[in-house]
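Read-outs: derived from the displayed coordinates by stated rules, not from any lab. None of these values were measured; they are calculated from a predicted model. All Cβ positions, even for glycine, are placed from backbone atoms using ideal geometry, and neighbour counts span all protein chains on display.
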Amino acid sequence: MSIKILADSASDLSKHYYNQYNIEMVPLTVHLDGKEYEDGQTIEPKTVYDSMRAGKSPKTSQVSPQLFKAVFTKYAEANEPLLYIAFSSELSGTYQTAKMMELEVKESYPDAPIHIIDTKCASIGCGLVAIHAAKLAHNGATLEEIIESAEYQAEHMEHIFTVDDLEYLYRGGRVSKTAAFVGTLLKIKPLLHVEDGKLIPLEKIRGAKKVLSRMVEIMEERGTDFQNQTIGISHGDDLEKAELLASMISEKLGVNKDDIVIDMVGASVGSHAGPGTIALFFSNKPIK
């Protein structure tokens, strides 16, 4: 029986990857200029970044309960296994909403093979877990094998990223006012990472050029077996810098550039991170 992988738009995968790996997607909502948009479907990330550069503050909300219920009901009625790879519960209420709708659907379909993983990951960190699960499903792995492997991948996913302006993360409640204030002084570039699903400031680096080099250094310190995993880089409308980081990784760590997924940070995550964000994702303990 085929096993369907479901992801949300905060995994920041483009339609190319959803199509290639047969992954279904549910969108978070972006609120801009008094209108609601479906992330990844009815608004482009660049629209969000341009609005932020113009001084606007887009807001976001989680995937709607009605959408989760509709998707879960569809697979429950067909008795088709569904595994939802969810955005970190520490950064959005989407996971909790999905769990509520799972329980509701299972009142009518108690044996429905619906499963949800709280990845504690964000952006392409979450996307890489979804791709990994979809590849296993395509290759005929059992649902139990896919769940175990996806949970392992999520647990060992590293997120190292920098933003141009911590004020955006502060406005969205993602970092403290103190962290945001310090980051804006003296042209200091913040490096952050994800710890147990939360965004945590890691280091402060003076000068934008040094930040990418330090990201590669941290990758070398924390990671291993780079030739046997997929690396992810997401960017807030700064493809040139993302490609430069990919070249640096390829040169220093011997990674084939074809094994590096580069995509723009989507509209929902980008509404909090802001333009100029550069994020790096890799496993610190890939499965052999």
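Structure above, values below:
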item	result
Gain upon complete extension [Gln41, Ser61; 0.36 nm per residue less C-alpha separation]	5.7 nm
Where only C-alpha atoms are counted, convex hull volume of the chain per residue in Å³	119
Approximate spin-label separation Ile188-Lys204, in nm, with each point projected 7 Å along Cα-to-Cβ	0.1
Cα-centre dipole for the chain with unit charges at Cβ (Lys and Arg positive, Asp and Glu negative), debye to 20	1000
Per-residue ³J(HN,Hα) for the range 67-80, Karplus 6.51 cos²θ - 1.76 cosθ + 1.60, θ = phi - 60°, Hz, x for Gly and Pro	5, 4, 4, 5, 5, 5, 5, 4, 6, 5, 4, 8, 6, 9
CD proxy at 222 nm, helix term only [per DSSP H run n ≥ 4: -39500 (n - 2.57); per residue of the chain; nearest 500]	-13000 deg cm²/dmol
Computed log₁₀ I(q)/I(0) - Debye formula, equal Cα scatterers, no solvent, the range 1-138, q 0.21 Å⁻¹	-1.29
Violating pairs (Cα-Cα greater than 28 angstrom) within the set Lys135/Lys257; Lys56/Lys241; Lys56/Lys257; Lys69/Lys120	Lys56/Lys257
Difference of contour (0.36 nm per residue) and Cα-Cα distance, Asp50 to Lys106	15.9 nm
Mean-position separation - Cα centroids, the range 26-84 and the range 239-288, in angstrom	23
Full-stretch length increase - Glu220, Ala78 - with 0.36 nm per residue and alpha-carbon distance subtracted	46.6 nm
